[in-house]
Amino acid sequence: MRFYAQWNEVGQAKSMDFNLTAEQEGFRLAVREFCQKEIAPRARAMDTKRELDEGLIDKMGAQELMGITIPPEYGGPGADFVSAAIVAEEIARADVSCATAVMYLLTTGWSFLLTKHATSTLKEELLPKVAKGKSLVGILSTEPQGGSDIAGLKTRITREGNKLVVNGQKSYISLVREIQRRGGGYLMLGSSEPSLGHRGMTALYMPLDRPGISTGLVEDMGRMALSTGNVDMKKVEVPEHYLVGEWNKGFYVGMEGFQAARVLVSAACIGCWEGVLDRGMSYIKERETFGTPLAKYEGIQFPLVDSYATLEADKLLVYRAAWAVDELYRKGATKQESRRVAMLAAQAKLRAPVDAFQGCSTVMDMLGAYGYTTKCDVEMALRGVKSYSAGAEGGQNIMRIIIGREILGDEFVPQH
């Protein structure tokens, strides 16, 4: 995706290209074909059974969709981040409950971070399995006493000889059951020097099969096929090469991961919204009242048009953020440029979940009583997409704080 293609002699843009490359367009078509063939027919059954289809995960791994940004030396295709966003969008378009998309975006987003910051030993041990869908990856940060207060984590990480020892609790964690079944683990954030606040945090890789770990599941209102749970850790030991990034630098590693995850979350919300609009438009073209298709009534058309226009605006924001992530890692970036990428990701996350929820609600109103039934996928979409404005990958007010810091200055960041 290219945003500024040509420049004049004074540095002003002469032309702007918002199109995907021909390769990316072909990739989207191939992914869409796979998702509509393999994911869409399974979506309702997975939601009803409250369980992801293991065979589907295997097929996604065989198509190299699970660790799409993992480089070839670790068994992945080494795709760019715009392509990763395309996959998130198309998966959610096929499974509007967002469950399959969440599994994908967590594994893709956090394996992307591990590719950048994990030790070579850990990458060799883990990433080839992730690239083939044999292992899954997520984020272990939220704690019972607070979700977005990353700097206030109570989970403690200490060094004992050549091992890292963890004690603490994490809550509302996605993929607990799936990782226990397929293998894998989490990028975990904890406090290694409590007196230093966020400057005393460390990141490490935490498999779920370590002695001292116990888990429990939590019932959600949506994304029914995907598990959410709690993880308790008592004197859990991991080898020192599971350290991700530098000791006491985990906050910065985590924030980098969250900005990538927020882009994929936003792409999934866009895809869910598109899938619901597709279903809604098909219905109103066929359904008649008083001998006239619903699609001919302006009372139906105008809310649909407003929703579509907002979708297109949000999509540009999402893909601009994905493009910025690619630029950040392709050429490197200054601290200020990194903050700009974080703001773009926050903007996408601020708008896409809320607008997608409203867009799905608009379609439900168009469909009337049918839209409120479990025969219609819109109710799955409403339940699923709501999780991303409720707080997953950072609450909406956290996104506002990030954006406010950039447009007003650090001195105006709220103090808590």
Per the filter on the range 309-329, residues without any contact (Cβ under 8 Å) to a residue 60 or more places away in the chain and more than 13 Å from SER266 (Cβ to Cβ) are ALA309, THR310, GLU312, GLU327, LEU328
Selection from the range 107-130 of residues of a type in the set (A, V, I, L, M) and under 12 Å from GLY184 (Cβ atoms) yields LEU114, LEU126, LEU127, VAL130
The condition of being of a type in the set (Phe, Trp, Tyr), buried (at least 17 other Cβ atoms within 10 Å of the Cβ) and either in the same structural domain as ASN19 (by TED's automatic domain parsing) or in contact with a helix residue (DSSP H, G or I) (Cβ under 7 Å, 6 or more places away or on another chain) (or both) holds, among TYR283, TYR308, only for TYR283
Here the qualifying pairs (Cβ atoms under 6 Å; residues six or more apart or on different chains; first in the range 158-181 and among the acidic types (Asp, Glu); second in a strand (DSSP E or B)) come out as GLU178/LEU136
For strands (runs of 3 or more DSSP E) lying entirely in the range 187-282, having 1 or more residues that are modelled with pLDDT of 95 or more, farther than 30 Å from THR48 by Cβ and within 21 Å of the chain's Cα centre (by Cα) picks out 201-207
Within the range 182-194, of all residues that are farther than 14 Å from TYR205 by Cβ and touching a residue at least 40 places away in the same chain (Cβ under 8 Å), the one surrounded by the most Cβ atoms within 10 Å (Cβ to Cβ) is SER192
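Residues checked against (1) modelled with pLDDT under 95; (2) in contact with a Ser or Thr (Cβ under 6 Å, 6 or more places away or on another chain); (3) not assigned by TED's automatic domain parsing to the domain that holds SER214:
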position	(1), (2), (3)
LYS123	no, no, yes
THR142	yes, yes, no
SER148	yes, no, no
GLY161	yes, no, no
VAL165	no, yes, no
GLY168	no, yes, no
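The values are calculated or read from the model by the stated rules, or taken from the named source; none is laboratory data. Keep in mind that what you see is a predicted model, and the values were worked out from it rather than measured. So basically every Cβ, Gly included, is an ideal-geometry build from the backbone, and we count neighbours across all protein chains shown.
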